[in-house]
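First the structure, in the form of structure tokens, and then the observations on it.
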Amino acid sequence: MKKSSAIAFSVLLILFLSIPGFTGEVLAGKGPAEILNKNIDPAPVLALADQYIAEFEPGLTGDDFLAVNKLKHLLEQASRTPAQLDKTIEEMVNTITVGLAGGRDLGALLTGAAYTVKYDPHSARAVNAMAAILHTGERMEQAVQLLEYNLELAPFSTLAMLNLASAYLDAEEDDKAREMAERVLRTDDENRQAYKLLAAYWFKMKRDDKVIECLMKAAEFGGVVRRKGRDQAKQVREDEVRPEDSLDQMQAKTEKLKDMVPLTTADIIEKEFPDAARQIREKFGRLIDREVIKMPKIPQFNSVDNKGFTENEPLVAEWAKVFVLRHGEFINREKFKANIEETDSDAVADRKGREAGLAYAGKSMSDAKQMLQGMKNLNIPGVSQAELDEAMAEMDQAASEAGIVLTEEPVDPDTPPGFDSGSIFAQANYSNYLVISRSHETYIHKFFQKMRGEVANIIQVYSSKAMAESLRHAAAMKEMEESEGDTEIPRLREELRYKRAMNTLGDTYYKSWAGLYFPQYARKIKPMLDNYWYVSTLYIKNMNDPKVMEREYLRVKDFYMTHAMEAGTGILNGTTFVYLGPTDEEEEALRQAQKASEEEAVAKGPQFLQDFDKPKDDWVKWIEDHLSLEVGTPVLGFKITARTIEFNAYVPGMIAGVKWDMVDNKVQTNWGYGLKAELGVKFMGLDAKLSAQSDFISKVCEFDFDNNGYKESVTPPKTEVNGSFGPVSAGVEAQLDAQLIPKVFVKGSLGNMLKASDQIQVY
């Protein structure tokens, strides 16, 4: 021990050992009731009493001589009645105690004490008083002899054990002193005098940490320390998180636990010295400043829809990259421990990793075995010694099978390895730390598990619908590729539809995911991880055992970094929801294609009319065009041509018919709902007609008997209005096409001289 340190501890020791009332309390016999053993042989004690009477009484003079003679006279009178003798000895011991405290002559005090012992050698108080005087006079051998006899008289007397421990210490029998002080604490763990004696013992052993611990426990405020420790432990355990708790319950409990700080000296001096307490708390509050790790805030960008998210993917990727790098840096520490270099081959890195892993496993198993040995030494009630032996044997066998050599280190019988120790608050703080850190970890684990499931459900449903949409699009495009007609406009229309559908689908499910991830990160994940890191590292920084500090620091940081990376990289799930970009180009391409098609139709219109009017050489076609018989009434119609027979019936609101193609051997039936009306008059020799027909729905079924085929189709709603007056005619037709796009046809003619038609499409 350094000289300055030794002086400081000497001062502390003197201060605590000179607390007012210490000597008086010992000599006054305050303590638990004594159970006296009157069968002990008093001969050695009586011999000592005679020895000191013979040594000191002849030299007494003046008041000392008179006081001893008076004491002898009182004892002689009281000896006739046992009860009176006990009372007189009690009074004599009190007088001697006061005299010793007042600095009276030791010869007179020792002579008087020797006479009280001679009159009743089985009086523990009389023997204790004589021993105390010998102790004060530094006659240690005789003091120890008397105090050992005294302990035989009263084996359960705390006073006897404490005085004997003190005598042992001054007689340089240190191990016996420690054993006796610990014997007191086993029955009275709050005995301050025992802690003072242990402080003196550890000071002689040059164990500064133990000296401080024992002095603190021996202090007047020792009861405050224990009370505060019990109160905090009770509060911590009331808010301990259980696996069966709901997430809301876990959140409420961890919110309370995050404010539980380790007990410090401030907790026991704040009433008497509030300024000092404040300074201590400020100091401990700054302990983790250099170890602060905080989850970053989500970067500011347009995250309202998947369009904005996709446009900011580089920013999102860079943000998530930070989490991966930080986690990778932390994991690399294991590589450094294994001495793995970047240039090492995979085989070399694997070998080094295995060797480091075995070493780490060996260290962990050695620590675990030492902990079991420590529990065995403590002989904890309810813990089977046989089970501990069996567990250690199994550990030895497992280590042997894995090729691990377990190290054997001496085990401190007072403190099992693996637990923090070294200060008055170590045990309480470490116990509370375990509850607090594990409670936060249980909450974080359960929260992440729930969130993973919710995100997975959103992605699964979206992926299923996106796949179905893509298959539908692929089938439509393949059908158009196999078609022989012009498919440019249908192709453009399908590409536009697919792009719109995918953008809408992606945006819908992106918003479901974003509504879950972004608020949960900001309101739950970031605070819960920050709180966990803060409170855990605060307790770790207040630990005393460097090995325990390192172990817990790495464990907490590993848990924190793993979940921080998961939380940060979770933002990349937003890239799952596809945004194919704006549809402006596709819409413009479709408009241009439709416009070109309309211009081409108008340009080729006259040619179509010419081709329609031009007779062909095909005689069947000629018969079809020129040979027919048609008979009809307002409600029935019958028509025969060269290849077909057709029958139609109409009643208001209902249309039905059948048509037989005799050439191709096909029968076609149709039915539908609709209305039609006709009005005709003759004016100035000219016929005027107006007809209108609306087909609300029409279904056609075709049976192909030669090819054994069948198909059916539904015609979209259609309305047609025609009118004529002499050679002038006009008509309008409105219909929905297969894509449900409205189309309007306008036509007109003037005899055979002028014919015109146009088509209007509505989008």
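The values are calculated or read from the model by the stated rules, or taken from the named source; none is laboratory data. Computed from a prediction, not measured in an experiment: that's the story for all the values here. Every residue, glycine among them, receives a Cβ derived from its backbone with ideal geometry; neighbour counts consider all protein chains shown. These accessible areas exclude ligands, DNA and RNA; they are computed on the full protein's heavy atoms, side chains included. Shrake-Rupley method; radii C 1.70, N 1.55, O 1.52, S 1.80 Å.
With the simple model of a label 7 Å out from the Cα in the direction of the Cβ, N708 to V405 spans 8.6 nm. Using a simple spin-label model with pseudo-atoms 7 Å out from Cα toward Cβ, D396 and K689 lie 11.7 nm apart.
In this structure, the pairs whose alpha-carbon distance is over 20 Å, taken from K294/K557; K196/K217; K234/K526, are K234/K526.
Annotation: extensible slack from R237 through T719 equals 165.4 nm (criterion: 0.36 nm per residue apart, minus Cα-Cα distance). Can you classify the range 105-152 as rounded, prolate or oblate using the Cα gyration tensor, where a ≥ b ≥ c are the square roots of its eigenvalues, rounded means a/c under 1.5, and otherwise it's prolate if a/b beats b/c and oblate if not? Verdict is oblate for the range 105-152.
Quick one: length gained pulling L496 to K87 fully straight, 0.36 nm per residue minus the C-alpha distance? Provide the component values of the computation, followed by the final result.
Numbers: separation 409, 0.36 × 409 = 147.24 nm, distance 11.49 nm.
Full extension of this stretch gives 135.7 nm more.
Between A596 and V732, the contour length at 0.36 nm per residue exceeds the alpha carbon distance by 46.6 nm.
For a paramagnetic label modelled on T562 (point 7 Å from Cα along Cα→Cβ), amide N atoms under 11 Å away belong, within the range 442-457, to 445. With the simple model of a label 7 Å out from the Cα in the direction of the Cβ, T508 to L315 spans 2.8 nm.
Take the alpha carbon atoms of the range 531-584, find their radius of gyration, then divide it by 2.2 N^0.38 Å using N residues; give the quotient.
On the way: Rg = 19.6 Å, N = 54, 2.2 N^0.38 = 10.0 Å.
The range 531-584 yields a ratio of 1.95.
Residues of the range 695-722 falling in the label zone of A656, defined by backbone nitrogen less than 19 Å from a point 7 Å along Cα to beta-carbon, are 695-703, 712-715. Measuring r between the beta carbons of L572 and V348 and using R0 = 35 Å, the FRET efficiency lands at 0.55.
Over the range 68-128, accessible surface divided per residue gives 46 Å², non-protein components excluded, 1.4 Å probe.
With the whole protein complex present, E190 retains an accessible surface near 80 Å², based on a 1.4 Å probe.
Computed with every protein chain present, the accessible area of V663 is close to 90 Å² [probe 1.4 Å].
Rolling a 1.4 Å probe over the protein chains gives H327 an accessible area of about 30 Å². Most tightly packed first, judged by the mean number of other beta-carbon atoms within 10 Å of their residues, the peptides 303-313, 68-78, 130-140 read 130-140, 303-313, 68-78. When R643, R500 are compared by accessible surface with a 1.4 Å probe, the order from highest to lowest is R500, R643.
Mind ranking E90, E566, E238 by accessible surface for me, highest first, 1.4 Å probe? Before the final figure, lay out each step's value.
Values: E90 80, E566 60, E238 115 Å².
So, going from the largest accessible area down, we get E238, E90, E566.
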